[in-house]
1. Name the chymotrypsin sites (Phe, Trp or Tyr not before Pro) in the stretch 47-115 that are in a loop by DSSP and that have at most 13 other C-beta atoms within 10 Å, would you?
2. Taking amide H positions as placed 1.01 Å from N in the peptide plane, with prolines and chain starts having none, which residues 5 or more places from G361, or on another chain, fall under 5 Å of its amide H?
3. Run the simple label-point estimate for D231 and R13 please: 7 Å along Cα→C-beta, distance reported in nm.
4. Note down the nm distance, to one decimal, between modelled labels 7 Å out along Cα→Cβ at R323 and at L276.
5. For the chain, which whole percent of the accessible surface, found with a 1.4 angstrom probe, sits on carbon and sulfur atoms?
6. Starting at the first residue of the stretch 294-303, write each ³J(HN,Hα) from the Karplus equation 6.51 cos²θ - 1.76 cosθ + 1.60 with θ = phi - 60°, in whole Hz, x for Gly and Pro.
7. Each residue of the stretch 365-379 in turn: what ³J(HN,Hα) in whole Hz from Karplus with 6.51, -1.76, 1.60 and θ = phi - 60°, glycine and Pro shown as x?
8. For a Förster distance of 60 Å, can you work out the FRET efficiency between the beta-carbons of T125 and K372, rounded to the nearest 0.05?
Amino acid sequence: MKKYSEMSREELREEYSALKKAYKDFQYKALSLDMSRGKPSPEQLDLSMGMMDVLSSSEDADMTGEDGVDCRNYGDLEGIPEAKELLADIMEVNPSNIIIYGNSSLNVMYDFISRSYTHGVMGSTPWCRLPEVKFLCVVPGYDRHFKITEYFGIKMINVPMLATGPDMDMVEKLVSSDDSIKGIWCVPKYSNPTGNSYDDETVRRFARLKPAAPDFRIYWDNAYTIHHLYDHHQDHLIEILAECKRAGNPDLVYKFASTSKVTFSGSGISACAASLNNLEEIRKQLSIQTIGHDKVNQLRHVRFFKDIHGVVEHMRKHADILRPKFEAVEDIFEKELGGLEIGTWTKPNGGYFISFDSLPGCAKEIVAMAKKAGVTLTPAGAAFPYGKDPEDKNIRIAPSYPSLQEIEQAAGLFTLCVKLVSVKHFLEDASLAKTGKTEEKESTETA
């Protein structure tokens with residue numbers, strides 16, 4: 001198909017008329033589809049139903065952990081040993097570097113920011129007593145990360161996400177020159193929303209950062225560390241804790257993960273991995289905050305998976321459900337938009353999202369049109385601090401929750417909205433250009 005940028009004004013009008021008709025046809029279908037969040041589908045949640053049967057209510061049920069602690073009672077503040085071993089294998093770290101928390105790693109990250117704000121980091125001045133605190137935010141990125149720092153009044157600075165990871169030239173320059181910069185949000189593997197993974201050089205440069213602030217920390221949210229879509233086309237990530245230790249920066253990173261999209265999103269288990277120095281400080285705070293997290297749930301996870309091999313096999317089943325949905329979106333995007341030069345999109349090997357970039361200035365209108373026809377998308381700009389995409393072009397696509405048939409309908413409508421808004425964009429640009437030339441001519445003649 002001819003590129004819109006190469007069409008005459010008359011051709012654009014004809015195309016717009018045809019697209020408007022197709023859009024009305026979609027409206028008549030009265031769709032009601034939600035692609036706004038990366039939620040597991042019911043079929044994915046069903047994969048973990050066997051976990052409900054691994055513990056019994058019988059009198060002789062074994063509720064004791066490997067260390068002899070009754071998981072129904074107090075004890076094991078940092079998690080039962082077998083759960084620490086399982087999560088350590090998932091996170092590729094030593095169990096001694098792990099603390100097990102509740103169901104949400106986002107909650108853990110909130111706590112870390114809150115503790116730093118009120119009590120500081122390893123003896124440094126609490127952030128609340130400083131004139132200004134800043135955080136680096138890789139964009140497009142995870143909206144819930146940005147909401148945390150926004151909530152605490154922390155100034156957020158955009159750092160562009162490249163195919164290889166964050167713009168490390170920018171990161172290194174800012175971190176080394178400004179001691180008010182206290183951290184950076186990272187989703188290093190199958191990142192939200194691009195699906196890109198940091199390459200080896202990026203991870204090594206992170207580990208070798210020389211922050212001006214002694215309390216600077218990398219918030220390494222490895223949420224999608226085992227969420228591959230393919231067996232043979234997987235992204236691989238250098239383990240950041242080991243790399244920081246090699247670089248002489250052992251305390252530089254907090255690493256987070258959870259089973260939220262592995263088992264049940266509302267009742268998984270989460271963990272933080274960090275250096276022994278960091279963990280010592282965290283334990284002091286944790287012992288005041290709680291007597292312990294849900295060890296029965298930890299035991300249930302371990303009994304269900306047994307070990308990391310059980311987790312790997314389980315994630316293959318997730319991939320079998322997710323992969324056709326991602327491929328359907330990518331195929332429809334290519335068929336409907338390929339070669340038109342009105343949008344680009346990522347093709348990730350894992351994770352939960354596809355990132356779409358429209359022509360600048362079009363994203364909000366595309367999302368609004370899709371919603372008007374029955375498909376709810378993540379709000380345009382959500383992947384940027386304060387919800388403001390400077391170019392108004394990024395849209396996060398979340399294919400996980402709807403059925404394959406619904407995904408195909410939603411992707412078809414989405415591409416139609418992209419075309420409609422893009423044609424309108426070209427028509428308005430042509431009109432503005434013509435108006436500008438006319439005004440210029442009239443101005444010249446008047447002079």
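The values are calculated or read from the model by the stated rules, or taken from the named source; none is laboratory data. Keep in mind it's a predicted model, so treat the numbers as computed, not measured. Please note: Cβ atoms are built from the backbone with ideal geometry, for glycine as well, and neighbour counts cover all protein chains shown. Accessible surface areas use protein heavy atoms only, side chains included; no ligands, DNA or RNA. Shrake-Rupley method; radii C 1.70, N 1.55, O 1.52, S 1.80 Å.
1. Filter output for the stretch 47-115: Y74.
2. For G361, whose amide H was placed from the backbone, the distant partners under 5 Å are D392, K393.
3. 5.7
4. Roughly 4.3 nm, to one decimal.
5. Carbon with sulfur: 49 percent of the solvent-accessible area.
6. Each residue of the stretch 294-303 in turn: 6, 6, 4, 5, 4, 5, 4, 4, 5, 5 Hz.
7. 5, 4, 4, 5, 5, 4, 5, 5, 9, x, 10, 8, 10, 4, x
8. Values: r = 50 Å, r/R0 = 0.83.
Step by step, r from the Cβ atoms, then E = 0.75.
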